[in-house]
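The block underneath contains the structure these notes are about, expressed in structure tokens.
The values are calculated or read from the model by the stated rules, or taken from the named source; none is laboratory data. Note that the structure is a prediction, hence the values are computed from the model and not measured. FYI the Cβ positions are ideal-geometry reconstructions off the backbone, even for glycines, and counts take in every protein chain you see.
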Ligand SMILES: Nc1ncnc2c1ncn2[C@@H]1O[C@H](COP(=O)(O)OP(=O)(O)O)[C@@H](O)[C@H]1O
Ligand SMILES: [Mg+2]
């Protein structure tokens, strides 16, 4: 297994507020790893640090290379692509234009192939291709956010709360497609408050609690743990 992402002792503060107190985690090539935890635990902050949106101390290595000081567009060129919390799509642009933006740095000949693949994964985006993104439902917008991220050909896809605000049926569809994306070779670091869904799709998981890793391990094992059940799955 090749280690794709290695985080050691990551600390992030917003002014006087320390959001992450020295967390360590790793993601191997081919894995789906999930970072679960309550609102405010520091999940989005972790993804923001990886994708260069906030400054940090500690170490983040991607494919062996230390990150820090790299701009988000340079990270995208390395294969690190972030579908952020709140989706970050351009409401006034069409679905087609949003997808094209995902590939804005690419000069290779495979862009059209990847676009066809995204529309195969998310047929509804094909039906809506000329509509402005703002007219899409929440689930369709989430699909567009993932589709746009895929247009950058990520080696590692950072996904922040893809289920947020979506009906269970739509969430199920999105998670099924995440499995397909992973099976086709993309490594995924998935941030979720929906621990039940996240533990179902991931191989390994880290539980974040107020800026610290409370526990981590095999996702199926964690899903069976009384503590995780009680605090994150609303069971017991
Ligand atoms: N831009 C910000 N300015 C100040 N504090 C922030 C900011 N973003 C997040 N925080 C704080 O950092 C902590 C972690 O937030 P966040 O990473 O968004 O958590 P999560 O994604 O797990 O809900 C919280 O206490 C939150 O209030
Ligand atoms: Mg968040």
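Of note:
Okay, residues lined up against (1) in contact (Cβ under 8 Å) with a residue 60 or more places away in the chain; (2) within 13 Å of ligand 1 (Cβ to nearest atom); (3) within 28 Å of residue 103 (Cβ to Cβ); (4) buried (at least 21 other Cβ atoms within 10 Å of the Cβ):
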{"position": "40", "(1), (2), (3), (4)": "yes, yes, no, no"}
{"position": "46", "(1), (2), (3), (4)": "yes, yes, yes, yes"}
{"position": "50", "(1), (2), (3), (4)": "yes, yes, yes, yes"}
{"position": "54", "(1), (2), (3), (4)": "no, yes, yes, no"}
{"position": "58", "(1), (2), (3), (4)": "no, no, no, no"}
{"position": "65", "(1), (2), (3), (4)": "no, no, yes, no"}
{"position": "70", "(1), (2), (3), (4)": "no, no, yes, no"}
{"position": "77", "(1), (2), (3), (4)": "no, no, yes, no"}
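- Of the strands (runs of 3 or more DSSP E) contained entirely in region 1-117, those carrying at least 2 residues that are more than 18 Å from residue 151 (Cα to Cα) and over 19 Å from the mean Cα position of the chain (by Cα) fall at 3-14, 17-28, 57-62.
- Selection from region 120-138 of residues that are in contact (Cβ under 8 Å) with a residue 12 or more places away in the chain, assigned to a helix (DSSP H, G or I) and under 22 Å from residue 184 (Cα atoms): 121, 124, 125
- Hey, residue 191 under 18 Å from residue 23 (Cα atoms) and within 13 Å of the chain's Cα centre (by Cα) or not: yes
- Flag for residue 212 being surrounded by fewer than 19 Cβ atoms within 10 Å (Cβ to Cβ), at pLDDT 95 or above and within 16 Å of ligand 1 (Cβ to nearest atom): yes
- For region 158-170, a tally of residues being touching a helix residue (DSSP H, G or I) at 6+ places or on another chain (Cβ under 6 Å) and surrounded by 15 or more Cβ atoms within 10 Å (Cβ to Cβ) returns 6.
- Residue check, residue 220 more than 16 Å from ligand 1 (Cβ to nearest atom) and more than 25 Å from residue 117 (Cα to Cα): yes
- Residue 97 being within 30 Å of residue 132 (Cβ to Cβ) and more than 16 Å from ligand 1 (Cβ to nearest atom): yes
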